[in-house]
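For reference, the structure discussed in these notes is given below.
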Amino acid sequence: MKIKHKPHIPKPKWLKKSLPKGANYQRIRELISQSDLHTVCQEASCPNMFECFSKDTATFMILGSLCTRNCQFCNITHNIPLAIDPNEPERIAKAVQDLNLQYVVITSVTRDDLTDGGASHFAETITAVKSLIPPPQVEVLIPDFNGNIDALRHVISAKPEVLNHNIETIEHLYSKVRPEADFKQSLALLKNAKQIDANIITKSGLMVGFGESLELLEKTFGQLLNHGCDILTIGQYLQPTRAHLEVEKYYSPEEFLEIETIARKIGFTKVAAGPFVRSSYQAKDLFES
């Protein structure tokens with residue numbers, strides 16, 4: 001018997017993005033290549049890469065480019081990671097200086113092979129960047145560290161302005177979308193961050209298009225708010241390759257406005273929702289809004 005596949009849903013017109021013009025895109029790309037650094041923009045095939053690079057913006061990815069987890073939505077390569085590069089924090093600080101960045105986003109692959117999940121390397125990178133004069137503002141997008149509170153405390157002790165940890169989807173879809181992660185553990189991370197430092201700004205993000213309902217999205221927004229999340233981002237899931245999860249629904253710009261309205265009604269004051277919104281997209285503007 002032949003297996004019947006669902007018909008492919010074509011991308012709607014609002015997901016077609018024109019590439020920005022200018023020399024900055026190539027300049028940023030060359031600088032990152034020469035510095036032997038990774039960006040999540042390139043590794044995850046982010047649709048905003050051309051725009052961000054053209055505006056002197058990049059999200060640096062530390063701890064290598066190989067991830068110990070194999071999430072079904074993510075385009076980052078799953079494999080056994082290499083050893084940590086002890087010079088990476090200083091190289092990132094130099095790149096930040098060369099780019100004259102005032103707001104820096106730092107993320108990483110998940111490193112379940114490390115005792116602290118890479119938290120000490122996060123802290124060293126934050127410290128290196130903040131040693132610049134004037135010190136840039138730093139946002140970190142961290143993995144769950146397998147619930148290790150000491151690891152979380154180590155990152156927060158380096159004083160990033162924003163601590164971001166993406167919930168990614170509703171709890172009901174975790175076994176499908178994030179089978180190696182735990183919804184409640186991710187919620188607890190945000191709550192623990194506030195208990196460690198009540199003044200730190202916390203942030204989280206979701207993708208839509210996996211088959212979630214508006215009711216369950218609203219419930220998830222409420223759970224995030226109740227666990228101390230300050231900033232919320234919601235964007236459209238885009239299938240990186242045929243080997244990844246298929247898109248169940250493309251949300252229109254009008255539907256994203258409805259989603260943003262729901263988030264604001266339950267208490268979020270800093271929300272970004274739209275087809276191209278990603279957790280670090282226009283992060284400085286959202287932080288300062």
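Couple of notes before you dig in:
- Candidates in the stretch 261-286 are the residues that are in a helix (DSSP H, G or I) and open to solvent by less than 40 Å² (accessible area, probe 1.4 Å); of these, the one that is nearest to Y103 (Cα to Cα) is A283.
- Of all residues in the stretch 108-122, at least one satisfies being under 18 Å from the mean Cα position of the chain (by Cα), at positive phi and not polar (S, T, N, Q).
- Against the conditions (1) open to solvent by less than 50 Å² (accessible area, probe 1.4 Å); (2) touching a Gly at 6+ places or on another chain (Cβ under 9 Å), K191 satisfies every one except (1).
- Counted as qualifying within the stretch 132-201 are the helices (runs of 4 or more DSSP H) with 1 or more residues that are over 23 Å from G222 (Cα atoms), namely 149-157.
- Scanning the stretch 204-237 for residues that are outside any helix (DSSP H, G or I) and of a type in the set (D, E) returns E212, D230.
- Considering residues of the stretch 237-260 that are of a type in the set (A, V, I, L, M) and open to solvent by 20 Å² or more (accessible area, probe 1.4 Å) only, the residue farthest from K203 (Cα to Cα): A243
- Top-ranked residue in the stretch 137-155 [being among the β-branched types (V, I, T) and crowded, with 21+ Cβ neighbours inside 10 Å; ranked as nearest to F73 (Cα to Cα)]: I142
- For the stretch 106-124, the criterion of being surrounded by 20 or more Cβ atoms within 10 Å (Cβ to Cβ), part of a loop (DSSP other than H, G, I, E, B) and of a type in the set (A, V, I, L, M, F, W, C) is satisfied by at least one residue.
- Scanning the stretch 96-120 for residues that are touching a Ser or Thr at 6+ places or on another chain (Cβ under 7 Å) and over 20 Å from V162 (Cα atoms) returns R111, D112, D113.
- Considered as a group, the residues in the stretch 161-183 that are touching a helix residue (DSSP H, G or I) at 6+ places or on another chain (Cβ under 8 Å) and over 20 Å from E139 (Cβ atoms) include one that is surrounded by the most Cβ atoms within 10 Å (Cβ to Cβ), and that residue is T169.
The values are calculated or read from the model by the stated rules, or taken from the named source; none is laboratory data. Note that this is a predicted model, so its numbers are computed, not measured. Here the Cβ is made from the backbone with ideal geometry for all residues, glycine too, and neighbour counts use every protein chain on show. Note: accessible area is taken over every heavy atom of the protein model, side chains too, but ligands, DNA and RNA are not part of it. Shrake-Rupley method; radii C 1.70, N 1.55, O 1.52, S 1.80 Å.
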